[in-house]
Amino acid sequence: MASFRFLHAADIHLDSPLHGLSRYEGLPEDEIRSATRAAFDNLVRLAIEEAVDFVLIAGDLFDGEWKGMGTGLYFARAMGRLDAAGIPAFVLSGNHDAASVIARSVPWPPNVSLFNTRKPETHVLPGLDVAIHGQSFATSAVTDNLALAYPQAIQGHFNIGMLHTALAGRQGHADYAPCSLEDLKSRQYDYWALGHVHEFEVVCTEPHVVFPGNTQGRTIRETGPKGAVIVTVEDGQVTTVSRLELDVIRWAEVEVNCSDALIDEAPERVRAALAAARRDNPAHLPLVVRLTLTGATMDAGAFHDRAATLRDDARIVAASVSPDLYVEKVKTLVSLPPDRTGSLIGDDMAALIERAPNDVQLARLLEEDLTPFLTAAQVSIGAEEDGDLRRLATVGEWGSVLATASLALRSRLAVEG
């Protein structure tokens, strides 16, 4: 049996709109919006440089219906470059680019094969003795076990199954095309090229069952390196599964320990944490960071009161650390030291303040008193960060409003006491 190499990718989400970026001042919005294309350019370039024999895209090539023909034109040009290098591509539709979602039918370059939606389809590469089996999604929510209808392996060939699935379930991913590892093994294929899960994972090695992850992180929920894999097959056996990093912008969550810090000391703690995050970025890619301020401090109330100022200060600090370092959001989770408040302001008062966030009647009174004002002022308030008191009140999260207000009151009373 011939030896060969192929590139396995999934969840490219070309031209993903990345909703909500405009809320976060200072982010490189244009760069982030073009990041999915830039990552795909890296994929095509490396496939050609590495001289792979074929490319597999296991679903969600597109993020949804195109907003215009620009998405299709871009993809056609990219596939044209692969075609010029003699590299075929096999594409599976997933939940985001199912047949019911992508209305346009266009003439792709001759090297692109899109799998059928009605039943599993097999493409055979005679020169390599490779059989590639797959079925595209007909609709955006496929709940049937598609794997059980896949054909048995073709003898004398290296058999690859392509499937867009979360298997028996993966956190944060809908259970589309659910199946078990045993279902996959029952087909007796040599490699399963999966998609849908955005984290890299080698589920099994006998046979290889692989999620390559998505090619570019698009939100703070998709941190760390993103890319694809190149698989080397020798004498009918997988010898290596090598991960490729394709992303052009990286997302990271960074914790800032504010224990015993005063509010005025926060910027320097943020600076130290951001500098460390930059050092821990060996790829030297632009970094979009979510900061979480943690720890116990007597100044906790001031931290929560000045959350918007801390956010703005953090973005200024980030810009001074590196021009390629950006702060997406600052979450303030600092608290008062345990038992400190009660000893200074009295147990009865501390207990009363502690109960306030869970007081349903108090929350209802706040809603009755403040909702008319917030409705009238909503246009001028504008979009705020997720933890901003005005936003919390505007969307009716009165328990969170009371929790923040209670913490501020406890802090002030403790300090003044």
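Which distance in nm do the two modelled labels at GLU182 and ALA85 give, with both placed 7 Å along the Cα-to-Cβ direction?
4.2 nm
Restricting to Cα pairs below 8 Å that are 6+ residues apart, what does the relative contact order work out to for the stretch 4-245? Please round to a whole percent.
20 percent
How high is the relative contact order of the stretch 98-152, in percent, with contacts defined as C-alpha pairs under 8 Å that are six or more residues apart?
Answer for the stretch 98-152 is 39 percent.
Using r as the Cβ-Cβ distance of GLU65 and THR205, and R0 as 30 Å, what FRET efficiency do you calculate, to the nearest 0.05?
The formula returns an efficiency of 0.20 here.
For PHE90, enumerate residues with amide H under 5 Å from its amide H, sequence gap 5+ or separate chain, H modeled in the peptide plane.
VAL55, LEU56, ILE57, SER113
Using label points projected 7 Å from each Cα along Cα→Cβ, tell me how many nm separate ASP264 and ALA276, to one decimal.
2.5 nm
Can you sort PHE40, PHE4 from fewest to most other Cβ atoms within 10 Å of each residue's own Cβ?
Least to most surrounded, the residues fall as PHE4, PHE40.
For the stretch 52-64, what does the Karplus curve 6.51 cos²θ - 1.76 cosθ + 1.60, with θ = phi - 60°, yield as ³J(HN,Hα) per residue in whole Hz, taken in order and with x for Gly and Pro?
5, 7, 6, 10, 10, 10, 8, x, 6, 4, 9, 8, x
List residues of the stretch 233-256, by number, whose backbone nitrogen lies under 12 Å from a label position 7 Å along Cα→C-beta of ASP41.
Output list for this probe position: 248.
Measuring from label point to label point, each 7 Å out along Cα→Cβ, what is the VAL106 to LYS119 span in nm?
Reported label-point gap for VAL106 and LYS119 is 3.1 nm.
Send over the per residue convex hull volume for the stretch 203-294, Cα only, as a whole number of Å³.
Spelled out: Cα convex hull of the stretch 203-294, divided by residues, is 117 Å³.
Hey, fewest Cβ within 10 Å first, where do CYS204, CYS258, CYS179 land in order?
CYS204, CYS179, CYS258
Rank these for me by crowding, LYS185, LYS119, going from fewest to most other beta carbons within 10 Å.
Neighbour counts put them in this order, fewest first: LYS119, LYS185.
Could you tell me what a quarter of the Cα convex hull surface of the stretch 4-245 works out to, in nm² with one decimal place?
It is 12.4 nm².
Taking amide H atoms as placed 1.01 Å from N in the peptide plane, list the residues 5 or more away in sequence, or in a different chain, whose amide H sits under 5 Å from that of ALA193.
Amide H neighbours of ALA193: GLY161, MET162, LEU163.
Structure shown: which of LYS226/LYS331; LYS67/LYS331; LYS226/LYS329 lie over 27 Å apart, alpha-carbon to alpha-carbon?
LYS67/LYS331
Between SER320 and THR240, take the C-beta separation as r, use R0 = 45 Å, and let me know the FRET efficiency to the nearest 0.05.
Once rounded, the FRET efficiency stands at 0.60.
Each reported figure results from applying straightforward, stated rules to the coordinates on display, with no laboratory input. All values derive from a computational prediction rather than experimental measurement. Cβ atoms come from the backbone with ideal geometry, glycine included; neighbour counts cover every protein chain shown.
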